[in-house]
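Notes for the one structure printed next.
The values are calculated or read from the model by the stated rules, or taken from the named source; none is laboratory data. Just so it is clear, the structure is predicted and the values come from calculations on it, not from any experiment. Note: ideal-geometry Cβ built from the backbone for every residue, glycine included; neighbour counts use all protein chains shown. Surface areas here come from the heavy atoms of the whole protein model, side chains and all, with no ligands, DNA or RNA. Shrake-Rupley method; radii C 1.70, N 1.55, O 1.52, S 1.80 Å.
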Amino acid sequence: MLRTAEITAELTGLFGGDDFHHLHWSSKLEFSVDCFICERTGRTTVYERGAERALCSGSRSGLRSHYTAGRIAAYDTTSGSERLALRALVDFWWAPFEDVRDSRRGTAPTSHPWVRLNLRYHCPKTKESGTNGIQTNLSRPHELRCAHCESLMATDTAAPAIRLLT
């Protein structure tokens, strides 16, 4: 059956001025789902905006990473002078199964949903690009700093929210 999850996140900071790093959400995200193809629970699955399928991390013993039925159905970003927000809708196919390793029943979403959202930026001081990210299992508040000049780019005060819609 087709399931849809809504993922939302918000960063705060000063998104303008001389020290502005042009911080923006990347088109790629990682989301944990229970995969009916490799029959494993809690698999990290990589979704890319515009891609027709997702990439499951697979299992450690047996089927390695593989494509699975999943896509980013909607990807909306909002930015202001002190806020950067993301709302993504992720579609994925799911069917009942038992984990081949420990016999746990698969669920939709997985029993411990997790997401990693990636960001890109450009340092105005060093003229170099960089990447950063946030994920649900970080301690909050979490500061995002430039890898080149150590400037504070944004603060993540709340974990990304994951809500199953269908």
Query raised in the report: When all protein chains stay in place, what accessible area (Å², nearest 10, 1.4 Å probe) is found for PHE20?
Result: 50 Å²
Report task. In debye, nearest 20, what is the charge dipole magnitude of the range 51-166 about its Cα centre with +1 on Lys and Arg Cβ and -1 on Asp and Glu Cβ, if you could check? Result -> 140 debye
Report summary line: If each K or R counts +1 and each D or E counts -1, the residues other than VAL46 whose Cβ falls under 14 Å of its Cβ total +4
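R0 = 35 Å: FRET efficiency of SER81 with HIS112, Cβ-based, nearest 0.05?
Working: r = 36 Å, r/R0 = 1.02.
The computed FRET efficiency comes out at 0.45.
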Query - Extension reserve of the LEU165-LEU2 stretch, reckoned as 0.36 nm per residue once the Cα distance is removed - result: 57.6 nm
Requested in this report: Order TYR67, TYR75, TYR121, most accessible first, counting only protein heavy atoms with a 1.4 angstrom probe.
Outcome: TYR67, TYR75, TYR121
**Report entry** Surface accessible to a 1.4 Å probe, per residue, for the residues of the range 22-166, Å²
**Finding:** 53 Å²
Report task. Report the FRET efficiency, 1/(1 + (r/R0)^6), for SER65 and SER103, where r is their Cβ-Cβ distance and R0 is 22 Å, rounded to 0.05. Result -> 0.45
Query raised in the report: From the backbone phi of the range 2-13, what are the Karplus-calculated ³J(HN,Hα) couplings (6.51 cos²θ - 1.76 cosθ + 1.60, θ = phi - 60°) in whole Hz, Gly and Pro given as x?
Result: 7, 10, 10, 10, 9, 10, 10, 8, 9, 10, 10, x
Query raised in the report: Can you put GLU6, GLU48, GLU128 in order of accessible area, largest first, using a 1.4 Å probe?
Result: GLU128, GLU48, GLU6
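Order LEU84, LEU2 by their accessible area, 1.4 angstrom probe, all chains in place, largest first. Intermediate values should be presented prior to the final figure.
Numbers: LEU84 10, LEU2 85 Å².
Descending accessible area places them as LEU2, LEU84.
At a 1.4 Å probe, what is the % contribution of carbon and sulfur to the accessible area of the chain? Please report the intermediate quantities before stating the final value.
Values: 4250 of 8770 Å².
Answer for the chain is 48 percent, counting heavy atoms of protein chains only.
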